[in-house]
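Structure record follows, encoded as structure tokens.
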Amino acid sequence: MGRVLLATLACSLIAGSAASAQTNNADIKWVPAVGFPAGAQMAVLSGDPGKSGLFTVRLRMPAGFAIAPHWHPTDELVTVVDGEVSLGMGDAIDKAKSATLMQGGYVVAPAKMHHYAYTSSGGTVQVTGMGPFAITYVNPKDDPRTK
């Protein structure tokens, strides 16, 4: 009886809920990505990265782009949606210890894990996390907001 009630409740919630965010690639609004090196663009797909709660953004990076080692206070769920992006863990960019993810590739960056990213040919990632979004560079001199 309990399972039937739970299944019925779950189905009614799914059937009765409308999507709160729907978009196609052509409708995405790109802006310069604050907190990242020049050239990166960001688009908010859902939620508000500046507030508490779930958000999803896309980060578009041009060819030859790199994000210096940094960390976030919450987990990040990252999917490559276009191109290729290399990711590694640690306090310095070490291409020999990174992995290149192609379109559809996925990684979880745990909270406070020091990591970096770069792309040779350009790429776009989709990031889902809990806000408010924050980025702290391992070396404060790498923080583009201080330049």
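Results, tabulated for the structure shown:
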read-out: Residues that are surrounded by 13 or more Cβ atoms within 10 Å (Cβ to Cβ), without any contact (Cβ under 8 Å) to a residue 60 or more places away in the chain and assigned to a loop (DSSP other than H, G, I, E, B), drawn from the range 92-124; value: Ile93, Ser98, Gln103, Gly105, Met113, His114, Ser120
read-out: Inter-residue pairs, beta-carbon under 6 Å, first touching a residue at least 12 places away in the same chain (Cβ under 8 Å) and within 20 Å of Ile28 (Cβ to Cβ) and in the range 43-70, second among the basic types (Lys, Arg) and surrounded by 14 or more Cβ atoms within 10 Å (Cβ to Cβ), 6+ apart; value: Ala43/Arg58
read-out: From the options Leu87, Leu77, residue that is surrounded by 17 or more Cβ atoms within 10 Å (Cβ to Cβ) and assigned to a strand (DSSP E or B); value: Leu87
read-out: Residues within the range 132-147 that are out of contact with any strand residue (DSSP E or B) (no Cβ under 6 Å at 6 or more places or on another chain), modelled with pLDDT of 95 or more and not in a helix (DSSP H, G or I), tallied; value: 4
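The values are calculated or read from the model by the stated rules, or taken from the named source; none is laboratory data. Values in this document were obtained by computation on a predicted structure and should not be read as measured data. All Cβ positions, glycine included, derive from the backbone under ideal geometry; neighbour counts span all protein chains shown.
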